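The structure appears below as structure tokens.
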Ligand code: NAD
Ligand code: GLY
């Protein structure tokens, strides 16, 4: 079978392979890039129950040595405690610098495994096998890895590109609808920031169509992300565009203590809020916020959040896009066109709060 392949050329070069029925062929792809026969598979309990055996069987049948570490699913596991347990597990299994980690799961597994790969023994290779829509369209590509600490999400991390990304769209068949909805928040974001054709496609489809067109959507999103990451791997300029809606989204997530709202829904609300303000202040074309809202509603992302923008404004100052005296916000002038606007912190607060 012919799979879609996208090459990324950053501090590490790698391919993203997209298609169905890929997990059973894990060993063929993994062995073509790995320098080792020894792999540590890191996954969560839910993903393990669906796909752990398939991936491990493919690797064992090809003569690889494998060990597997399984942690409880959920964002709460993306923490230093799980990370320490992963390090101990790697030591107990004599994983060396030339061996390779495999992240099998959603963004939580990908982020923490990537961070373990960036830091254990000062760095070893890792491979991403994303199993959620969000991880397939976004988090498995580009090399941002992190854990959460009590003071905030993703505050400890590293840039570490994977050696390969294997996107098996069949895994979406077991993914609960709430996580498909969540991933769609990021998909709509890609249309808004960089691709009118993607956005227009989304305007003609609904949630029920997504599994059917997943390959094409994933290909479009990761192609956009690849271009952005190749232009600005270390997040100094262009890459900030990927955070459209995220400054307010992070404040919304914080307001709900990271438990009352999922990331994709918070991003949807954040994109709508910033576009509403940008339109009123003449940065975005007239009607853009209504168009965005209508598109989000097709994917059950018609989120109304409790906090108002002025209530969220101060928490926005913790954003990673803040430098000492100023902050960059991402604005879409029209569908498919985005830019960052850097402003002093006081102006930013006025931008958010003054009618
Ligand atoms: P997740 O990894 O928690 O997965 C969501 C849930 O789906 C989990 O309960 C998981 O066990 C389950 N699951 C995963 N695959 C499944 C499948 N195929 N079938 C059934 N159940 C399945 O969450 P997520 O939404 O994938 O990722 C969110 C994380 O990604 C956050 O921590 C966020 O910070 C991070 N993120 C990182 C980046 C990046 O660039 N590194 C970008 C966006 C988001
Ligand atoms: N998800 C944002 C980034 O990778 O930069």
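Brief remarks on what is shown
- Residue among 41, 47 that alone is buried (at least 16 other Cβ atoms within 10 Å of the Cβ), modelled with pLDDT of 95 or more, within 22 Å of residue 214 (Cβ to Cβ) and touching a strand residue (DSSP E or B) at 6+ places or on another chain (Cβ under 9 Å): 47
- Test for residue 105: is it in contact with a helix residue (DSSP H, G or I) (Cβ under 7 Å, 6 or more places away or on another chain), buried (at least 16 other Cβ atoms within 10 Å of the Cβ) and at positive phi: yes
- For the range 161-181, the set of residues classified as part of a loop (DSSP other than H, G, I, E, B) and near ligand 1 (Cβ under 10 Å from one of its atoms) consists of 175, 176, listed by residue number.
- Meets criteria (more than 25 Å from residue 184 (Cα to Cα), in contact with a helix residue (DSSP H, G or I) (Cβ under 9 Å, 6 or more places away or on another chain) and part of a loop (DSSP other than H, G, I, E, B)) for residue 355: yes
- Failed criterion for residue 210 (all others in (1) under 16 Å from the mean Cα position of the chain (by Cα); (2) more than 12 Å from ligand 2 (Cβ to nearest atom); (3) within 26 Å of residue 297 (Cβ to Cβ) hold): (1)
- Number of the condition not met by residue 251 [criteria: (1) within 16 Å of ligand 1 (Cβ to nearest atom); (2) under 21 Å from residue 195 (Cα atoms); (3) touching a helix residue (DSSP H, G or I) at 6+ places or on another chain (Cβ under 9 Å)]: (2)
- Residue match in the range 128-150 (condition: over 19 Å from the mean Cα position of the chain (by Cα) and under 27 Å from residue 178 (Cβ atoms)): yes
- Odd one out for residue 35, checked against (1) closer than 25 Å to residue 73 by Cα; (2) part of a loop (DSSP other than H, G, I, E, B): (1)
- Scanning the range 315-352 for residues that are over 25 Å from the mean Cα position of the chain (by Cα) and either assigned to a helix (DSSP H, G or I) or touching a residue at least 12 places away in the same chain (Cβ under 8 Å) (or both) gives 325, 326, 343, 344, 345, 346, 347, 348, 349, 350, 351, 352.
- Members of the range 212-227 found to be buried (at least 17 other Cβ atoms within 10 Å of the Cβ) and more than 24 Å from residue 238 (Cα to Cα), listed by number: 214, 215
- Within the range 234-243, the residues that satisfy the criterion of being more than 12 Å from ligand 1 (Cβ to nearest atom) and either in contact with a strand residue (DSSP E or B) (Cβ under 8 Å, 6 or more places away or on another chain) or touching a residue at least 12 places away in the same chain (Cβ under 8 Å) (or both) are 234, 237, 240, 241.
- Residue list for the range 192-212, filter: in contact (Cβ under 8 Å) with a residue 24 or more places away in the chain and not in a helix (DSSP H, G or I): 195, 203, 205, 206, 210, 211
- Condition broken by residue 184, with the remaining ones in (1) part of a helix (DSSP H, G or I); (2) within 14 Å of ligand 2 (Cβ to nearest atom); (3) touching a helix residue (DSSP H, G or I) at 6+ places or on another chain (Cβ under 7 Å) satisfied: (2)
- Residues being more than 11 Å from the chain's Cα centre (by Cα) and in contact (Cβ under 8 Å) with a residue 60 or more places away in the chain - total across the range 181-191: 5
- Any hit, the range 213-233, residues being over 15 Å from the mean Cα position of the chain (by Cα), over 22 Å from residue 14 (Cβ atoms) and either touching a residue at least 40 places away in the same chain (Cβ under 8 Å) or more than 13 Å from ligand 1 (Cβ to nearest atom) (or both): yes
- Enumeration of residues in the range 253-282 that are surrounded by fewer than 17 Cβ atoms within 10 Å (Cβ to Cβ) and more than 15 Å from residue 312 (Cβ to Cβ): 259, 280, 281, 282
- Output for the range 108-154, where each listed residue is away from ligand 2 (no atom under 16 Å from the Cβ) and surrounded by fewer than 24 Cβ atoms within 10 Å (Cβ to Cβ): 119, 120, 121, 122, 123, 124, 125, 149, 150, 151
The values are calculated or read from the model by the stated rules, or taken from the named source; none is laboratory data. Quick caveat: nothing in here was measured; it's all calculated off a predicted structure. Methodologically, a virtual Cβ is constructed for each residue, glycine included, from the backbone with ideal geometry; neighbour enumeration extends over all protein chains shown.
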